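Novice: There's a structure below that I have some questions on.
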Amino acid sequence: MNEYQFFSPVDVVFGCGSLSKLHTLKMPGKKALLVISNGKSARMNGSLDRTIDELKQADVSYVLYNGIGANPLKSAVEEGARIGRENGVDFVVALGGGSVMDAAKNMAMFIPQPSDNLWDYANSPSGGKMTPPNEMLPWIAITTSAGTGSEVDTIGVISNPDTNEKIGIGGMAGMFAKYAIVDPELMKTVPPKFTAYQGFDALFHSLEGYISNKHNIMGDMIQRAAIENIGHYLARAVKDGNDIEAREHVAYANTMSGYSMVVTSCISEHSMEHAMSAYHPELPHGAGLIMLSKEYFTFWINKHVCDERFIDMAHFLGMKDASKPEDFITALLELQKACGVDDLKMSDYGIKKEEAMTLARNARATMMRLFVRDPQETTDEEIAGIYERAYR
């Protein structure tokens, strides 16, 4: 399949020290909603002060919102949007990882809309499925981690605990960032465990895209770059957060995996993990994906729907002598071991094996759009079986 449509208007400023270039860029407004996480990292590592200084140099005022958790909530997006409306902001700046960027791009979409309920614009069983009637605010992404590729795509994943839904909201061209600042120096203080979780999230974006039924010649190029860079550099970044060469290559891979979602698509592994963390919000997204990965990809290997592509991916991960699809699983598990994430257990996060069918049905109901990109159709029983075999 070599048909594709690729549109990405994001002005990406990549490289060490790129945050210091922010004030030189033409700002899309005069007053920003500056969105950060509810943790301490942006304050402690100095990135918040540096961003504020850059905005001041650009003659931009700001109001700060720091209510975003690891799995951003509907209520947090609504609160941030309310603060933005009350303060008359005309654009949004996200300083943080994927959760902050996902929330911020939804705030930029939501602030100008007439509704106070974000779920009016959610395409889910309980969502209103409405198209936002008003033009969205521009937003700027300053990414401090390498995991989601959210700086270059148009989807923001938001959780609604009232309905046990964790879904991507958006997809409109207006939700692309105006600028994406990708400065690997901002990622040096990410702890080893989360460096690994985030790196594997980026990896799975491209692995899934490479075997999706939407794969194409441009996606192949992007995904190969992402998989190779993570395969060669992620373990180094986990081992030594100050290894700036490794941080650069993992950051590049992450942005490429963001483009992977623009030109192809993730598949049902991501839907499956969203169901897990919808019911167990303390579960880090990347950790959940790692837990599923061996059994998930083995399921597709056993279907023999894309054998050559699994061999390709083993090569990309660094297994030069790979000759059969199963070699991909070996390469994947070796990377997980090298990154110290080969012993993750669902049971450590309160997940029970008996939940398998509930999770399978939730995954399909809330994020069916990824299931339709699978290499082949599946049943709820097959998806529940993957959960059961992956359970520890």
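Novice: What's the total number of residues in segment 115-155 that are in contact (Cβ under 8 Å) with a residue 12 or more places away in the chain and not in a loop (DSSP other than H, G, I, E, B)?
Specialist: Counting residues in segment 115-155 that are in contact (Cβ under 8 Å) with a residue 12 or more places away in the chain and not in a loop (DSSP other than H, G, I, E, B) gives 9.
Novice: Next question, about the same structure. Identify, by number, the condition in (1) modelled with pLDDT of 95 or more; (2) closer than 26 Å to residue 258 by Cα that residue 71 doesn't meet.
Specialist: Checking residue 71 against (1) modelled with pLDDT of 95 or more; (2) closer than 26 Å to residue 258 by Cα, the one that fails is (1).
Novice: Suppose we filter 172, 130 for residues that are open to solvent by 10 Å² or more (accessible area, probe 1.4 Å) and at pLDDT below 95; which single one remains?
Specialist: 172
Novice: Let me ask something else about it. Mind checking which residues of segment 175-213 are assigned to a helix (DSSP H, G or I), under 23 Å from residue 48 (Cα atoms) and open to solvent by 10 Å² or more (accessible area, probe 1.4 Å)?
Specialist: 185, 186, 192, 193, 194, 198
So that you can scan it fast, the table gives a plain yes or no per residue for (1) among the acidic types (Asp, Glu); (2) within 27 Å of residue 79 (Cα to Cα); (3) in contact with a Cys (Cβ under 9 Å, 6 or more places away or on another chain):
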| site | (1), (2), (3) |
| --- | --- |
| 155 | no, yes, no |
| 183 | yes, no, yes |
| 192 | no, no, yes |
| 219 | no, no, no |
| 225 | no, no, no |
| 232 | no, no, no |
| 244 | no, no, yes |
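Novice: Here's another thing I want to ask about it. With the structure loaded, tell me whether residue 145 is among the hydroxyl-bearing types (Ser, Thr, Tyr), at pLDDT 95 or above, touching a Leu at 6+ places or on another chain (Cβ under 6 Å) and open to solvent by less than 40 Å² (accessible area, probe 1.4 Å) or whether it fails that test.
Specialist: In short, no.
Novice: Can I ask one more? Can you tell me how many residues in segment 365-388 are assigned to a helix (DSSP H, G or I), farther than 29 Å from residue 195 by Cβ and out of contact with any helix residue (DSSP H, G or I) (no Cβ under 6 Å at 6 or more places or on another chain)?
Specialist: The number of residues fulfilling the criteria is 6.
Novice: Name every residue in segment 314-360 that is more than 30 Å from residue 282 (Cα to Cα), in a loop (DSSP other than H, G, I, E, B), open to solvent by 20 Å² or more (accessible area, probe 1.4 Å) and not polar (S, T, N, Q), in order of residue number.
Specialist: Of everything in segment 314-360, those that are more than 30 Å from residue 282 (Cα to Cα), in a loop (DSSP other than H, G, I, E, B), open to solvent by 20 Å² or more (accessible area, probe 1.4 Å) and not polar (S, T, N, Q) turn out to be 318, 319, 320, 321, 324.
Novice: Related question: Across segment 251-265, which residue is nearest to the chain's Cα centre (by Cα) among those that are under 24 Å from residue 142 (Cβ atoms) and open to solvent by 10 Å² or more (accessible area, probe 1.4 Å)?
Specialist: 261
Novice: It is to be established whether one or more residues within segment 91-106 are touching a residue at least 40 places away in the same chain (Cβ under 8 Å), surrounded by fewer than 24 Cβ atoms within 10 Å (Cβ to Cβ) and not basic (Lys, Arg).
Specialist: yes
Novice: Also, I was wondering about something else. At pLDDT 95 or above, among the β-branched types (Val, Ile, Thr) and closer than 28 Å to residue 311 by Cα - does that describe any residue in segment 176-189?
Specialist: Checked against the condition, which is being at pLDDT 95 or above, among the β-branched types (Val, Ile, Thr) and closer than 28 Å to residue 311 by Cα, segment 176-189 yields no hits at all.
Novice: Here's something else I'd like to know. Name the residues in segment 285-313 that are surrounded by fewer than 23 Cβ atoms within 10 Å (Cβ to Cβ) and farther than 22 Å from residue 384 by Cβ, would you?
Specialist: Matches in segment 285-313: 306, 307, 308, 309, 311, 312.
Novice: While we're looking at this one, here's another question. Quick one: is residue 364 in contact with a Phe, Trp or Tyr (Cβ under 7 Å, 6 or more places away or on another chain), open to solvent by less than 70 Å² (accessible area, probe 1.4 Å) and within 30 Å of residue 122 (Cα to Cα)?
Specialist: Yes: the conditions hold for residue 364.
The values are calculated or read from the model by the stated rules, or taken from the named source; none is laboratory data. This is a predicted model, so every value here is computed, not measured. All Cβ positions, glycine included, derive from the backbone under ideal geometry; neighbour counts span all protein chains shown. SASA here: full protein model, heavy atoms, side chains in, ligands and nucleic acids out. Shrake-Rupley method; radii C 1.70, N 1.55, O 1.52, S 1.80 Å.
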